[in-house]
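Taking it in order: structure first as structure tokens, then the write-up.
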Amino acid sequence: MLDGGNGMNTCNKSLTLIGVLAVALSLLLMWQTFALQAASVVSAPSTPTPTMNEIVVSIVVDEYGTPMTDFVSPPLSDTAQNTLVPTILSLPASLTLPVATPISPEINPNAVRDANLIDKWETNIEDFETDFPRWACQTLKDTSDDGFERYWGKDDTRAVADPVNSVPSQWSAWVARGGADGVDPTASDYPANMDAWMLCGPFDFGTHSKMMVEMDTWLEIIDTDDLLFLGASTDGNHFTGVQWKGPWNSDWMRYHIWFNGFAGQTNVWIGVAFHSDADDERAKGAWIDNLGIWRYTMPENTCGSVDAGNKGIVVAAYEWSGDKQYPIIRHGDTIAVDKLVAANAAWMRTVFEQQRGVVHVRDYDRMVDTLCQHNISVLGIVNHQTLVRQDFNDAGSVISYRTAFSSTTNFLVRHFADRITYWEVWNEENLQPSPNSPPYVAPALYAGLLHETYAAIKNGNPAAQVVFGGLASAWGNSRDYLADVYNSLDNDWGAARPFDYFAVHPYFDRVHGLNPVDYMHSDSGYNTIVDKFLQEMYNNDDGNKKLWITEVGWNSAQGDPNVACLWDIVTTEQEQATYLKSGFDILFNEVKLWNAPTVSAVEKVIWYQYRDTGLAYEQVCGTRRVAGGLQTQRVYAPEAMSAEDVPWLYGLHRTDKRTPKPAQCAFAAYPLPCQQLFLPITLRGR
């Protein structure tokens, strides 16, 4: 069910062939069920048009002192990647940097701060909107010997708003605007024989564990010997970083450059340089804006080895407000944390999803660290929302996709190595958009993706545990999918078994009903509908592996006038709470390892989901109810819901994310019964 907003699913369906009419009716009902599932994975909420693409580059220095780069989720062509290369540049011996006191982080007096949020990031940002140069980037030099003085200077020809807060921008810095012989970029290209440096620092990163520089760039370089460079130095002379060599032509793009090995150092300089040779192959060169020097301090409490309990909740990492997305846990809004604590949740399951092209780890750092402060661990999901590219099911590009996906996953696992131990690879990979369509990710392709991602996760953190992507249902077609994955692992991947835990989503379906006491016991020859997966695992030498139920839940929309095609698969709020208790009882107490019938197989159960949502009618039921344009964006506030929105009320809380439902009490009290009295409500107000 889970996707970029808050996820969705109903369940797959087993067909009973009782005449042609019964088959046709079953197929129609099943298509509606699959249409819901398809919406969760294929139709993510529309996102605002980004102001620019963003790229993450991680720089490491090998044992010989040679810098190497790792592109993390880059929307760059192979040619562009080949011209963005790691290098070391040195300042001339004649240039001596001034002796200066290390610069302290900048405090924005207008920033919204929240004492309940653990935010261990600090920064200095040069946006060129005020006096320049100023204290952070105070040193500007032309180190060429051609008799001219031209270096970086403030310019209003081009500028770009910060994509995070959309603050308007008028100024940026151009390569040759400053100095006694500076030129106007509207009248001239950049000159020949340039060696222009902008030096920022020094910075004291002695108490920090990570360091990253963000920089927005606009580039036009023709000559293959001309270049833009960004690097870091501990001696003020030799700078390790990356260079953009010509030919290069790009509109504004944000780079996140992670400098591994510089955190922990007490005297670090950041250098931005531009070099041109003596020939006449000139162009407009480089503008830079929003140059940010970021550093992170590991909190005292980390949850990498914490296992506080056996129940958790699916929570979307981002929420919509108007046409923008914001982290669900952020400065000024930690309601979700308070509600998770009140629900006695031990785990939050969430997708690491890209925003504007990359996964913004600062957003997740704040979420993870704040949750850890309350003894709540994170089950991280990497799936189709983690990368921009969506060719994961294309046999022609599968190798390239796996490489990019595993590289991004490795980066995330390394970054959160002390704080997140459990990673789930994909979500409902066998979900079918329609009854006769192939699985969302073909079993053979998922086997390869899982194999390569498993290696990337273990490389990033040997202690990490890999969870098989939760299958979309516990019906027979999901078992068939698991068998096909095993077959591919045996034939194509050396009989590897690249997961530590198996996961499945034992949802109801239209054939077997909503009550877990009925449908979870409906498999002939098995005690529960989960047992056949344990048998399959045992038959493939995985009999000792435990299970995580990474989604289960019920839609409490009965009585809502907009329930539409969901009319027969919704519950009341009280039924939802009752089914939670009985479903959890079955999963925790009745599901046993196939080869050890006295050993419980289910370690964790994750409830779907934190709060109620609404879905566009055509996402749920497949056709438009009224004329007009398609509405594909989720809504989370009752006043925002329209007549076309179908209630997706799986939450423990209502859409305001504050008001608890009876299921919240059932979840919080489990395994004990809820003792709280809930009065009837009118669903229309949600």
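The values are calculated or read from the model by the stated rules, or taken from the named source; none is laboratory data. Only a predicted model underlies this, so the values are computations on that prediction, with no experimental measurement involved. Positions of Cβ are backbone-derived with ideal geometry, glycine not excepted, and every protein chain shown enters the neighbour counts. These area figures cover heavy atoms from the full protein model, side chains too; ligands, DNA and RNA do not enter into them. Shrake-Rupley method; radii C 1.70, N 1.55, O 1.52, S 1.80 Å.
For this structure, a couple of remarks:
- Fraction of accessible area attributable to carbon and sulfur, region 162-291 (%, probe 1.4 Å): 45
- Accessible surface, region 83-233, averaged per residue in Å² (probe 1.4 Å): 44
- Protein-only accessible surface order, largest first, of K592, K604, K324 at 1.4 Å: K324, K592, K604
- Probe 1.4 Å - accessible area at I88, Å² to nearest ten: 70
- Backbone phi angles across region 125-130, fed through the Karplus curve with coefficients 6.51, -1.76 and 1.60 (θ = phi - 60°), yield HN-Hα couplings of 10, 9, 9, 6, 7, 10 Hz in residue order; Gly and Pro are listed as x.
- Using a probe of 1.4 Å, the accessible surface attributed to Y481 totals some 10 Å² when neighbouring protein chains are kept in position.
- Once you reduce region 211-255 and region 570-613 to the center of their Cα atoms, the two points are 52 Å from each other.
- Order of exposure, largest accessible area first, which applies to S556, S321 with probe 1.4 Å: S321, S556
- Phi to ³J(HN,Hα) by Karplus 6.51 cos²θ - 1.76 cosθ + 1.60 over region 441-448, Hz, x for Gly, Pro: 10, 4, x, 5, 6, 5, 4, x
- Under 5 Å between amide hydrogens, built in the peptide plane, is the criterion, and for Q265 it picks out F205 among residues at least 5 positions away or on other chains.
- The share of accessible area on region 339-397 that comes from carbon and sulfur is 44 percent, using a 1.4 angstrom probe.
- Taking E281, E319 and ordering them by how much accessible surface each has at a 1.4 Å probe, largest first, produces E281, E319.
- In the calculated pair-distance distribution of region 280-439, the portion above 29 angstrom amounts to 30 percent of the Cα-Cα pairs.
- Selection among F239, T207, N249 by position relative to the dipole of region 171-253 gives T207 as farthest towards the positive end (Cβ unit charges, Cα centre).
- Amide H partners (placed H, <5 Å) of A601, local residues excluded: V591, K592, L593
- Region 401-432 and region 137-209 have Cα centres lying 38 Å from one another.
- In order along region 563-569, the phi-based Karplus estimate (6.51 cos²θ - 1.76 cosθ + 1.60, θ = phi - 60°) of 3J(HN,Hα) comes to 5, 6, 6, 8, 3, 9, 10 Hz; Gly and Pro are listed as x.
- Annotation: per residue accessible area for region 466-573 equals 31 Å², rounded to a whole number [probe 1.4 Å, protein chains only].
- Selection from Q354, W320, A286 lying farthest towards where the dipole of region 243-379 points positive, charges on Cβ: W320
- Once the chain from H238 to N544 is taken as fully extended at 0.36 nm per residue, the excess over their C-alpha distance is 104.8 nm.
- Amide hydrogen neighbours beyond the local backbone of Y507, cut-off 5 Å, H modeled: A474
- Most simply put, region 343-502 has about 5% antiparallel DSSP beta bridges, counting only bridges with both residues inside it.
- Accessible area of region 310-450 divided out per residue, in Å², using a probe of 1.4 angstrom: 27
- V351 accessible area, 1.4 Å probe, all protein chains in place, Å² to nearest 10: 0
- Under 14 Å, Cβ to Cβ, from T408 - net charge with Lys/Arg +1 and Asp/Glu -1: -1
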